[in-house]
1. If packing is taken as the average count of other Cβ atoms within 10 Å, what order do 262-269, 352-359 fall into, highest mean first?
2. In what order do Glu133, Glu95 fall by count of nearby beta-carbon atoms within 10 Å, going from fewest to most?
3. With θ set to phi - 60°, apply the Karplus curve 6.51 cos²θ - 1.76 cosθ + 1.60 along the stretch 85-90 and write out the HN-Hα couplings as whole Hz, x wherever there is a Gly or Pro.
4. For Thr332, Thr169, what ranking results if the residue with the fewest other Cβ atoms within 10 Å of its Cβ goes first?
5. Taking the alpha carbon gyration tensor of the stretch 177-263, what are the square roots of 5 times its eigenvalues, largest first, to the nearest whole Å?
6. When 1/r is averaged over all different Cα pairs and the result inverted, which Kirkwood radius in Å belongs to the stretch 222-369?
7. Taking the structure as given and computing Rg and Dmax of the Cα atoms in Å, which label from [x] 22.8, 81; [y] 20.5, 58; [z] 24.9, 96 fits?
8. Could you tell me how far the Cα centroid of the stretch 133-202 sits from the Cα centroid of the stretch 342-363, in Å?
Amino acid sequence: MTVLVFACVALLSLATWLFLLLAHGRYWLADQYLPAEPDAVQAGDRDWPDVAAVVPARDEADMLPLTLPTLLAQDYPGRFSVVLVDDASSDGTAEVAEKIAAAHSGHTLRIVRSEGPPPGWAGKVAAMRRGFEASGIAESNPPEYVLFTDADIAHPVDSVRRLVAFGETRELDLVSLMARLRTDTAAERAIVPAFVYSFAQLYPFPRVNRPRSRTAAAAGGCMLVRCSALIEAGGLEQIAGARIDDVALGTLLKRRAGRGRTWLGLTTDVRSVRPYPRFSDLWDMIARSAYTQLRYSPYLLAGTLLGLLIMYAVPPIVGLVFLGIAVAGGSTLAAVTAGAALAAWGLLSLSYLPTLRLYRLRSWRAPLLPAVMMLYGAMTFDSARRHHRGNGGNWKGRVEES
């Protein structure tokens, strides 16, 4: 009877992975990238729309020297400006930004100071709204696009031009890129690719990019938004309290009157420079929002942890244990159990390879994905624990929980 139970669980795990690889939006292929610029949108062939970049910044004095110059130096043929929102910083963020702007002769920088979010608003969304208002949206000649980008994101010189070109060609309301996160330390190399893989599994990029699909998401580090679409959707007020602001904004714009068009892709050029040198730094980064993703539901938490066990723990553990039993002369059912579990392990490892290639990491890491995902389960549980202790969502001294 015990062997039969393990056989059923192993077969369930294998069936889950077959479904994910064959029928879950090709999430694992990691093949959604901005194409090369179409000839029709070269600088000399059209009038380029006005764009304003909005950078929410809370205690980012260390990051700005690495990122703000990349925005001020953008090779964009149209009118482009940068609005930095100093979100109640205590480290001289605004002063650092002023010095950077004074040393660069590129695009203009406007610094807006905020005293923090009003009641009912998440801190980042409130800063985004403050920057959106300061971008000139209420003036007689407002920008057509706003680029929401984080203070730790460095852009290649043609970033805005390529984003706008793609958005104009496809007539999109939102073009978003998941910035390439750092993988300089051993902890980052172990955890970061699995984070990107899991995000794509939750929100398969090809489905996000399909207008008729209900799957919606965005990546908060780089979001080019058509201003008229955001205003028509009700503005950032509609997601005022969202702690996972990028997914909320992507959902808002895609479901705008049932006709929103959004696109989410990968990139190796737009990069996050924020370091996570220690394992504890990465743990805090994930635990800060994991329970929020589950809508603070203990039932979703329990279901998630059970799902992680079936998908990631069962394949290697059950596979190796029952392989040993089968080799030692166990029953045919033991061999079937081992075969199903090991096949699931092989499929999940195969699905992880494109993400590892994206981060230029060796393929030997693929079979270790179950161990990393068990750590993610522990981080998710810790996120719930922090929430119930009143310390969830802690970011730079500001606790944001619902």
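Any read-out appearing in this document is the output of simple, stated calculations on the displayed coordinates, not a laboratory observation. As the structure is a computational prediction, the values presented were derived from the model and not from experiment. Glycine also receives a Cβ, built like all others from the backbone with ideal geometry; neighbour counts cover every protein chain displayed.
1. The densest-packed peptide leads the list: 262-269, 352-359.
2. Glu95, Glu133
3. The phi angles translate into 9, 7, 8, 6, 6, 10 Hz.
4. On the way: Thr332 8, Thr169 13.
Listed from fewest to most nearby Cβ atoms, that is Thr332, Thr169.
5. Numbers: eigenvalues 144, 41, 21 Å².
Over the Cα atoms of the stretch 177-263, the semi-axes work out to 27, 14, 10 Å.
6. 19.5
7. Of the labelled values, this structure produces [x].
8. 25
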